[in-house]
Amino acid sequence: MAVLKRALLLAVAALALRLLYGAFLAVSSGAASWPLYPSAPVSARRTYVQADVPSPEAWRTRHWRRAVDYNAALLADHLAQGILAPPSRAVCLGGAQEALAMRELGVAAAVAVQRKRSPPLVVAGDDRRLPFNHDSVDFVFAGRALDHAKRPADLAAEAARILKPEAHLVLLTSSAADAYSLRSLQALLPALRLVRSRDIKAQDDAASTLRELVFQKLHAHTNATSANNTCFGPDHKLQLLKHAEPLIQEEPLKPWITLKRNVNSIKYLPALADISFKRRYVYVDVGARSYGSSIGSWFRKHYPKQNHTFQVYAIEADPAFHSEYAAKKGVTLLPYAAWISNETLKFEINADPGKEEGKANGRGMGRIRPAAGNIKMSSQVRSVPAFDFAEWLKQTVTEQDYVVMKMDVEGTEFDLIPRLFDTGAICLIDELFLECHYNRWQKCCPGERSPKYDNTYEECLDLFSSLRESGVLVHQWW
């Protein structure tokens with residue numbers, strides 16, 4: 001009898017524990033909807049049902065369930081607005097939780113794309129090739145896939161490829177908070193237009209927010225960006241210039257000191273904005289001289305790259321420096337002079353007074369001028385091949401690339417910069433470090449100006465000002 005009573009009590013206790021555990025799961029599994037939008041009231045009732053989908057054990061954890069509920073609450077808004085519908089062919093790029101959330105909302109054909117196939121929710125694919133035909137998908141939910149992708153440009157292009165015209169792409173990001181990075185993201189989606197942008201609460205941290213962006217695909221042969229030579233949305237660059245260091249208005253009496261100190265005041269673009277949404281990262285050194293002159297000593301050591309790897313182009317006409325570039329990885333040497341056309345130039349060997357030692361082995365090579373020019377040259381002149389720098393830039397990089405440029409071309413900047421504007425190539429440069437050459441006061445000879453250049457400091461200041469007024473983040477370089 002005692003044994004029977006004990007067994008009965010154990011059974012009752014086990015039943016009570018089971019009921020309590022079930023109640024705990026019901027509460028912790030997300031019965032209350034996620035408060036996505038800061039100003040929206042919190043809903044206490046779920047408006048969808050769990051889909052009958054066989055799932056691995058990992059998909060049944062509380063964390064996984066919370067992710068499903070978060071995405072379902074977000075996607076329910078798009079379902080209500082009609083850009084997502086139950087019969088939609090929908091693709092999710094951020095994980096199986098997103099696909100399950102869609103199925104629980106009634107979108108029965110929703111699938112996610114991951115490297116490994118996991119039926120019935122996940123199909124196999126990668127950033128460079130999504131397993132769907134062109135113009136075949138009604139809705140793409142990228143979640144935060146572009147934030148986490150190693151090649152966000154490739155994934156963005158694939159998402160745009162599979163979308164039907166007028167279909168929608170929705171993504172979440174923490175990297176489009178500033179105008180510059182938002183424009184960079186839009187440049188990765190030239191066939192889509194941004195129709196809505198708003199802040200939502202992040203899943204794992206109630207105090208942080210994400211940006212939700214809704215894009216719509218345009219019809220074939222329509223491009224959301226301008227096809228002419230004007231800059232795409234210069235306002236996003238003009239906003240950066242509000243934070244740039246001021247230009248030095250007064251001509252420095254000791255430019256070799258003032259301009260060198262100014263380097264410490266420079267506000268680099270990666271310190272002002274997120275540069276994640278770019279296809280490639282490129283550094284162009286025009287007038288590179290030796291590898292250690294600026295590429296090795298400054299750019300690779302001190303420029304803030306946000307953990308991105310840069311392809312480097314060194315443009316240097318002086319053959320005295322060419323051999324050392326052969327062993328430098330990631331550096332492409334262009335052994336020519338940057339110019340406004342393809343022709344042969346006279347390259348003057350003429351150092352400043354007091355720097356006669358610089359002429360040795362061609363290391364004092366200075367001004368370049370067309371062969372037919374009437375500029376008075378020194379007795380030592382070398383002929384060098386030159387190329388149309390602006391056209392080369394347009395063929396080498398695109399608006400989807402992040403381009404940093406240093407230009408030290410011995411006075412030829414007054415020819416190259418107008419050419420960059422005329423061709424529209426100036427729009428491809430994100431940040432420019434420009435050394436402007438003028439008849440500066442000489443260190444060797446107090447009270448005397450350099451006879452090497454005819455331009456004045458005022459003309460240099462006008463050049464810098466015109467660049468900034470046009471939206472180019474340019475710095476006075478030394």
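Leaving out ligands, DNA and RNA, and with a 1.4 Å probe, what % of the accessible surface on region 58-217 is carbon or sulfur? Numbers along the way, then the final one.
On the way: 2990 of 6420 Å².
Accessible surface attributable to carbon and sulfur in region 58-217 totals 46 percent.
Using the Kirkwood radius built from alpha carbon pairs, what does the Stokes-Einstein equation give as D for region 58-217 at 20 °C and 1.002 mPa s, in µm² per second? Don't jump to the answer; show the numbers that get you there.
Numbers: Rh = 15.6 Å.
Estimated diffusion coefficient is 137 µm²/s.
Just subtract the alpha-carbon distance of ARG129 and LEU253 from 0.36 nm times their residue separation and send over the number in nm, one decimal. Walk me through the intermediate numbers first.
On the way: separation 124, 0.36 × 124 = 44.64 nm, distance 5.92 nm.
Once the chain is fully extended between ARG129 and LEU253, it gains 38.7 nm.
Skip the ligands, DNA and RNA, and give the accessible area per residue of region 58-217 with a 1.4 Å probe, whole Å². List each step's numbers first, then the result.
Numbers: 6420 Å² over 160 residues.
With the other protein chains kept in place, region 58-217 gives 40 Å² per residue.
Leaving ligands, DNA and RNA out of it, report the carbon-plus-sulfur percent of the accessible area of region 374-457 at a 1.4 Å probe. Don't skip to the end; give the middle numbers.
Details: 1620 of 3410 Å².
C and S atoms contribute 47 percent here.
Below 29 Å, Cα to Cα, which lysines can LYS443 reach? Residues fewer than 8 away in the same chain don't count.
LYS443 reaches LYS254, LYS260, LYS267, LYS301, LYS346, LYS355, LYS359, LYS376, LYS406, LYS452.
How do LYS201, LYS329, LYS278 rank by accessible surface area computed with a 1.4 Å probe, from largest to smallest? It would help to have the intermediate numbers written out before the result.
Numbers: LYS201 55, LYS329 175, LYS278 15 Å².
Order by accessible area, largest first: LYS329, LYS201, LYS278.
Please sort 147-153, 180-186, 316-322 by packing, taking for each peptide the average over its residues of neighbouring beta carbons within 10 angstrom, highest first.
Details: 147-153: 16.1, 180-186: 23.0, 316-322: 18.7.
Those peptides, ordered most packed to least, come out 180-186, 316-322, 147-153.
Can you give me the C-alpha center-to-center distance between region 406-424 and region 249-322, rounded to a whole angstrom?
16
With the full set of protein chains in place, find how many percent of the accessible area of region 256-348 is carbon and sulfur; take the probe as 1.4 Å.
Working: 2070 of 4210 Å².
Carbon plus sulfur share of accessible area: 49 percent.
The values are calculated or read from the model by the stated rules, or taken from the named source; none is laboratory data. Nothing here was measured: the structure is a model prediction, and the numbers come from that model. No Cβ is skipped: glycine too gets one built from the backbone with ideal geometry, and neighbour counts run over all protein chains shown. For accessibility, only protein heavy atoms count, side chains too; no ligands or nucleic acids. Shrake-Rupley method; radii C 1.70, N 1.55, O 1.52, S 1.80 Å.
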